[in-house]
Each structure stands twice: as C-alpha cells, then as structure tokens.
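Following: one structure in structure tokens, then a few remarks.
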C-alpha cells in the first residue's frame with residue numbers, strides 16, 4: 001500500500017470478506033451479498049485534540065479486527081486496494097482473539 005497517513009481521529013480499515021456460502025451451501029453472488037461490517041485496521045491517525053489542546057491517542061491500532069456500522073466510512077481506492085476511511089467513533093468495537 002502507498003504511504004497514507006490518516007489525520008486526527010481517522011482510521012483506515014480494510015473490509016474482511018464475508019461468507020461466500022449460506023449455512024445450507026448455497027453460493028451467494030457478489031451482487032446479492034451485503035458488505036461486511038468487519039474489518040482490519042490498516043492505519044490510524046495521531047488522535048484528536050481535547051478541550052485543553054492535548055492530543056488524545058486512539059483506542060484502536062493497526063492490526064486490530066473491528067466492527068463498524070453498515071454505512072460507516074468513505075470508500076477509497078489506494079494502489080488498487082479498496083479501503084474505508086472513517087472516524088474512530090464510527091467503530092463499534094474491537095474483536096478480541098480467544099485465548
């Protein structure tokens with residue numbers, strides 16, 4: 001990926017592909033699939049400034065697996081790769097790996 005650094009409290013997310021088949025084994029064509037609301041954080045900004053002017057770091061970091069709202073973010077293409085740029089507040093949570 002080209003060097004892209006999001007500003008402030010913005011986060012770059014790569015959508016993770018959804019299931020290609022239903023539980024019954026029916027293959028779902030791309031046109032009928034809902035876009036996944038799960039992704040991997042690729043890059044994060046430095047953080048937003050609080051009322052005192054200090055930068056508050058983000059809670060997410062590159063490599064985190066996250067859930068976000070269906071209509072969250074702006075779709076962009078960087079080096080042919082489809083990515084989303086969204087504010088950290090659009091992210092609902094981090095998916096923790098099971099121990």
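It is to be established whether one or more residues within segment 27-45 are modelled with pLDDT of 65 or more, farther than 25 Å from residue 93 by Cβ and loosely packed, with under 13 Cβ neighbours inside 10 Å. Scanning segment 27-45 turns up no residue that is modelled with pLDDT of 65 or more, farther than 25 Å from residue 93 by Cβ and loosely packed, with under 13 Cβ neighbours inside 10 Å. Taking segment 69-94 as the range and being under 14 Å from the mean Cα position of the chain (by Cα) and farther than 12 Å from residue 12 by Cα as the test, the residues that pass are 69, 70, 71, 89, 92, 93, 94. Taken over segment 62-99, the criterion of being surrounded by fewer than 16 Cβ atoms within 10 Å (Cβ to Cβ), touching a strand residue (DSSP E or B) at 6+ places or on another chain (Cβ under 6 Å) and in a loop (DSSP other than H, G, I, E, B) is satisfied by 62, 95. Within segment 5-26, which residues are modelled with pLDDT of 60 or more, out of contact with any helix residue (DSSP H, G or I) (no Cβ under 8 Å at 6 or more places or on another chain) and part of a strand (DSSP E or B)? Of everything in segment 5-26, those that are modelled with pLDDT of 60 or more, out of contact with any helix residue (DSSP H, G or I) (no Cβ under 8 Å at 6 or more places or on another chain) and part of a strand (DSSP E or B) turn out to be 12, 13, 14, 15.
The values are calculated or read from the model by the stated rules, or taken from the named source; none is laboratory data. Predicted model, so just to flag it, every value in this text is computed and none were measured. For neighbour counting, all protein chains shown are included, and Cβ atoms are generated from backbone atoms with ideal geometry for every residue, glycine included.
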